[in-house]
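The structure appears below as C-alpha cells.
The values are calculated or read from the model by the stated rules, or taken from the named source; none is laboratory data. Model, not experiment: these values are computed from the prediction. Cβ placement follows ideal geometry from the backbone for every residue including glycine, while neighbour counts extend to all protein chains displayed.
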Amino acid sequence: MKWFQETLYEHHAQALSIGAVLHQGRTAFQDVLIFENALFGKVLVLDGVVQLTERDNHIYHEMIAHVPLMAHGAARDVLIIGGGDGGTLKEVLKHPVERAVMVEIDGEVIALSRRHLPAVSDGAFDDPRASVLVMDGTRYIAETGDKFDVIIIDSTDPQGPGEPLFTPAFYAACRARLRPGGMIAVQSGAPFFQPEELETVCGRLSGSFAGVRPFLAPVPTYAGGMLALVAAGDSRDALRPPREVLQARFQPLEGRTRYYTPEVHRAAFTLAPSFEPAFLREDPASEGLLKTGS
Ligand code: SAM
C-alpha cells in the first residue's frame, strides 16, 4: 500500500493511505496533490499539508463560517479570502446574505476542487450571490472600496502565499473594510503543537479589534487534534451571543449543518487554561477567557 505522509512537526507525522492519485502537480503558487483515501474520501494537500478531506471538512467550514455569521446576525456582504475549495463559500451562502465575494490567489485550486471535489462546494460557485476573484487577498483588501459585514480568512498556514494574511497590517486593512459591528474569523493552527501561532494571531488582531476571542474545532485530519480559530469584532461578548439569540438566528440553518449548533458555538469558546493565549489571560483590562460572559 502507498502512503501519503505529512510531517508538520519534528518527531511527528500523520499518514493516510493512497487509494488512487487524482491529481499531482505544481501551480504558480504551490504543490497540489489530490488523492483517494478509503477512510476519509478524497483528500486535498497543498505544499505537503492536508487542507481538507471529504469526510471531515464540514467541521472546519461550518465553524469558520457560521460562528462569525451567527454572532453578527444580519450580515449582507461577506468576504472570504482564500478558501479555493469552495467549502466556506457553500456555508456562507446558507445564510440570507446578499453577496459573498471570494478572493483566492490560485485559480488552479478552484478549478481542481471543482473538478475533483465537487461535493465540497456543492454548487456554491454557481450561486448568483457569489463573486469569485483570482488575486492576492492582500492586494484586494488594499485596493477595494467595498465594505463588508463579515470577513473570513480561510487561508493556508503562514508559510508561502498565506504568510501576508497573518500580518498586523493585513488585519488593520481588513478592519478598515468592515462596517460598524463587523466581524472577522481566521484560522490559527493547532494550539497543542503551535501555541505561539495562536498567541501571535490573537495579539496581532487585538491591535485592530477591541474584542478578540479564540475558539476550537476538532478536525481529525489536522494533526494535533483541536484546530484553533479566532473571531474578532467590537467586543468579546458580541462574538458569543446568548443561547436564545443564537437559537432565533439558527432557524434558516436548522437541519442544514452537521456540526454547528448554537450550543456548539458557545461551547467552542471555552478553552482549557493551557490553551489560552497568555496575553488575554494576563491583561487586566481584558475580560479574561475564564469569564465566559453572558
Ligand atoms: N480549509 C482548508 C484549511 O484551512 O486548511 C483549506 C483552506 S483553502 C484551500 C486555503 C487557500 O488559501 C488556498 O487555496 C490558497 O491558495 C489560498 N491562499 C493562500 N494565500 C493567499 C493569498 N495571499 N490570497 C488569497 N488566497 C490565498
remark   = From the option list V201, V186, single residue qualifying as surrounded by 22 or more Cβ atoms within 10 Å (Cβ to Cβ), of a type in the set (A, V, I, L, M, F, W, C) and within 12 Å of the ligand (Cβ to nearest atom) is V186
request  = Please find, within region 71-88, the residue that is farthest from A267 (Cα to Cα) out of those that are away from the ligand (no atom under 11 Å from the Cβ) and not in a strand (DSSP E or B).
outcome  = R76
query = Among the residues of region 18-33, how many are away from the ligand (no atom under 11 Å from the Cβ) and hydroxyl-bearing (S, T, Y)?
reply = 0
key: Checklist (1) surrounded by 23 or more Cβ atoms within 10 Å (Cβ to Cβ); (2) touching a residue at least 60 places away in the same chain (Cβ under 8 Å); (3) under 25 Å from G182 (Cα atoms); (4) not aromatic (F, W, Y) applied to V43, failing item   = (3)
query = Looking at region 249-260, is at least one residue of a type in the set (K, R), at pLDDT 95 or above and in a loop (DSSP other than H, G, I, E, B)?
reply = yes
query = When only residues in region 119-137 that are away from the ligand (no atom under 15 Å from the Cβ) and outside any loop (DSSP other than H, G, I, E, B) count, which is nearest to I184 (Cα to Cα)?
reply = A130
task = Check whether at least one residue in region 201-215 is β-branched (V, I, T) and assigned to a strand (DSSP E or B), and report yes or no.
result = yes
task = Could you identify the single residue in D146, D154, D127 that is touching an Asp or Glu at 6+ places or on another chain (Cβ under 9 Å) and under 24 Å from R256 (Cβ atoms)?
result = D154
key: Some residue of region 96-118 being in a loop (DSSP other than H, G, I, E, B), crowded, with 17+ Cβ neighbours inside 10 Å and away from the ligand (no atom under 13 Å from the Cβ)   = yes
inquiry  = Testing A169 on (1) farther than 24 Å from M70 by Cα; (2) within 14 Å of the ligand (Cβ to nearest atom); (3) touching a helix residue (DSSP H, G or I) at 6+ places or on another chain (Cβ under 7 Å), one condition comes back false. Which one is that?
reply    = (3)
query = Just one of the numbered conditions (1) closer than 30 Å to K147 by Cβ; (2) in the same structural domain as R249 (by TED's automatic domain parsing) is not true of L112; which one?
reply = (1)
task = Can you tell me which residue within region 34-70, out of those that are in contact with a Gly (Cβ under 8 Å, 6 or more places away or on another chain) and in a strand (DSSP E or B), is nearest to the ligand (Cβ to nearest atom)?
result = L52
request  = Please indicate, with yes or no, whether at least one residue in region 142-149 is touching a helix residue (DSSP H, G or I) at 6+ places or on another chain (Cβ under 8 Å), within 25 Å of V230 (Cβ to Cβ) and either free of Cβ contacts under 8 Å to residues at least 12 places away in the same chain or surrounded by fewer than 16 Cβ atoms within 10 Å (Cβ to Cβ) (or both).
outcome  = yes
query = What residue, of R256, R236, is among the basic types (K, R) and in contact with a strand residue (DSSP E or B) (Cβ under 6 Å, 6 or more places away or on another chain)?
reply = R236
